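The values are calculated or read from the model by the stated rules, or taken from the named source; none is laboratory data. Note that the structure is predicted; figures quoted are calculated from it, not measured. When we count neighbours, we look across all protein chains shown, and the Cβ atoms used for this are built from the backbone with ideal geometry, even at glycine. Only protein heavy atoms, including side chains, enter the accessible area calculation; ligands, DNA and RNA are left aside. Shrake-Rupley method; radii C 1.70, N 1.55, O 1.52, S 1.80 Å.
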Amino acid sequence: MYLTTTIPYVNARPHLGHALELVQADVLARHHRRRGEPVRFQTGTDDNSLKNVLAAEAAGVPVQELVDRNAAAFEGLRGPLDLSFDSFIRTSVHPGHRAGVERIWEATRHDLYQRHYEGLYCVGCEQFYPEGPCPDGHEAALQRVSEQNWFFRLSRYQDALSELIRSGRLRIEPVARRNEVLAFIEAGLDDLSVSRSAARARGWGIPVPGDPDQVVYVWWDALANYVTALEGDDYDRWWVSERRKVHLMGKGVIRFHAVYWPAMLLSAGRPLPTEIFVHDYLTVDGRKISKSSGGAADPVALVDAYGVDAVRWWLLREVPRVGDADFTEERLVARADEDLANGLGNLVNRVATMVHRFLDGNVPPAGEELAAVPVDEALEAFDFRRAATAVWALVEEANRYVERTRPWQRSRAGQEAALGTLVHACRTLAVQLEPFLPTAAARVAAAVAGERLPRPEPLFRRLATAGAAG
Ligand SMILES: [Zn+2]
């Protein structure tokens with residue numbers, strides 16, 4: 001599976017919404033690797049956005065300096081969030097990116113033409129609108145533009161795109177998003193402006209081949225990262241031969257990925273992605289995430305305060321497949337304490353303590369198998385909450401099993417069978433939990449490893465008394 005996240009523009013530091021998409025992709029990558037499937041998990045940053053230029057001007061620093069600093073903060077999420085991405089592309093410095101964008105441009109030249117354009121450009125959306133206001137409310141970011149641009153004959157691909165999605169060759173989940181894209185396509189596609197004047201872009205970005213007064217539209221440039229990151233043999237392996245090519249993204253950029261990107265590839269005669277999963281947005285304390293959200297929206301501050309397990313667990317266990325989710329530190333703490341400290345930590349500790357008390361630490365054979373964990377099916381549907389809840393059900397089942405069988409009251413034989421079953425269930429939990437909480441899963445695995453269990457120690461600290469982030 002070739003698995004990508006979107007590459008965010010880097011006019012500011014990463015927030016919890018970026019962490020959500022990265023953690024979702026990480027779960028898929030780890031899950032498929034665990035099943036022995038080859039996986040390449042890619043992420044990165046969109047350095048060439050005009051928004052980065054404006055943020056640098058506002059901060060009074062050179063664009064490359066601002067972009068370098070913020071891109072490093074995105075790449076630096078890897079450690080704190082336990083991410084396992086295989087490659088990280090930065091569009092302003094990746095050695096093959098510019099040449100790759102130019103090659104796609106040349107391959108689509110038969111669909112490019114020049115036209116005078118007048119309209120309103122929203123820097124917030126990096127998109128033209130025929131008239132105001134911006135549907136996303138970026139009033140201050142609207143610029144009246146009158147210039148000669150390159151246009152891409154998107155209109156030519158209307159039927160092909162519609163057929164691609166209706167046939168399921170490009171699967172879009174959830175289905176409401178698929179229907180939204182189909183309605184947009186079938187209402188009629190206008191040709192797309194795909195260049196900007198270099199002057200308006202302050203000279204930042206990739207020049208149009210053969211027309212250096214224009215730079216390539218930043219979305220064209222950014223979308224190309226999914227193939228420019230794969231140079232040489234990697235391109236054949238992961239973009240030509242790979243059966244599953246999966247893009248993860250937020251709901252705001254679906255049109256770019258499900259309409260413009262496949263049309264660019266069709267025009268260039270390149271293979272297409274096979275799946276698109278669209279997540280909704282997070283709010284923090286009931287408000288859209290913004291710079292004023294502060295530490296509550298900063299994933300690294302949250303990990304510093306509460307640990308990576310609590311942060312990943314909230315993102316996976318609380319965010320629904322459809323619909324926005326509201327983050328508060330109180331919810332993160334309550335969920336971690338209930339599920340991790342009280343539920344999982346308590347179970348493993350109780351089992352290991354009984355094995356030591358009654359069997360001198362020696363692990364008996366398992367008596368029976370507790371309920372199966374239907375994680376595969378949930379993750380095939382990109383339903384991370386259902387998958388996390390399925391793992392969770394095994395913790396609850398094992399805790400009920402302890403109450404039902406009361407190993408401490410049993411005959412020696414009954415006690416051994418029950419404790420064997422419980423140690424086996426904890427080992428299964430460690431395996432099933434690994435894609436979701438890799439460090440916690442390793443601690444659980446170590447606590448129930450071997451023929452003789454190590455002395456039990458607490459696996460999770462209770463957070464209700466821990467300090468607030470930021
Ligand atoms: Zn806008």
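Quick notes
- Among the numbered conditions (1) closer than 27 Å to residue 323 by Cα; (2) in contact with a helix residue (DSSP H, G or I) (Cβ under 9 Å, 6 or more places away or on another chain), the only one that residue 380 does not meet is (2).
- Flag for residue 149 being at negative phi, away from the ligand (no atom under 16 Å from the Cβ), of a type outside the set (Ser, Thr, Tyr) and open to solvent by less than 70 Å² (accessible area, probe 1.4 Å): yes
- Being of a type outside the set (Lys, Arg), surrounded by 16 or more Cβ atoms within 10 Å (Cβ to Cβ) and more than 16 Å from the ligand (Cβ to nearest atom) is a property that residue 155 lacks.
- Residues that are open to solvent by 10 Å² or more (accessible area, probe 1.4 Å), closer than 16 Å to residue 394 by Cβ and under 15 Å from the mean Cα position of the chain (by Cα), drawn from the stretch 309-358: 317
A quick yes/no check of all residues on (1) in contact (Cβ under 8 Å) with a residue 40 or more places away in the chain; (2) in contact with a Lys or Arg (Cβ under 8 Å, 6 or more places away or on another chain); (3) within 16 Å of the ligand (Cβ to nearest atom):
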site	(1), (2), (3)
113	yes, yes, no
117	yes, no, no
168	no, no, no
186	no, no, no
190	no, no, no
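- Subset tally (residues that are in contact with an Asp or Glu (Cβ under 6 Å, 6 or more places away or on another chain) and among the hydrophobic types (A, V, I, L, M, F, W, C)) for the stretch 15-46: 1
- Qualifying residue in the stretch 371-386 (condition: closer than 23 Å to residue 80 by Cα, crowded, with 22+ Cβ neighbours inside 10 Å and at pLDDT 95 or above): yes
- Test result for residue 126, surrounded by 14 or more Cβ atoms within 10 Å (Cβ to Cβ), closer than 30 Å to residue 55 by Cα and modelled with pLDDT under 95: yes
- Unmet criterion (only one of (1) assigned to a helix (DSSP H, G or I); (2) in contact (Cβ under 8 Å) with a residue 24 or more places away in the chain; (3) at negative phi) for residue 294: (3)
- Hits in the stretch 191-211 (condition: out of contact with any strand residue (DSSP E or B) (no Cβ under 7 Å at 6 or more places or on another chain), of a type outside the set (Gly, Ala, Ser) and at pLDDT 95 or above): 209, 211
- Tabulated pairs, the stretch 361-390, first under 30 Å from residue 450 (Cα atoms), second among the acidic types (Asp, Glu), C-beta under 6 angstrom, 6+ apart or interchain: 363/451; 364/416; 370/397; 371/397
- For the stretch 89-111, the set of residues classified as of a type outside the set (Ser, Thr, Tyr), crowded, with 18+ Cβ neighbours inside 10 Å and touching a Lys or Arg at 6+ places or on another chain (Cβ under 9 Å) consists of 97, 104, 111, listed by residue number.
- Considering (1) within 16 Å of the ligand (Cβ to nearest atom); (2) crowded, with 18+ Cβ neighbours inside 10 Å; (3) part of a helix (DSSP H, G or I), the lone condition that residue 121 does not fulfil carries the number (3).
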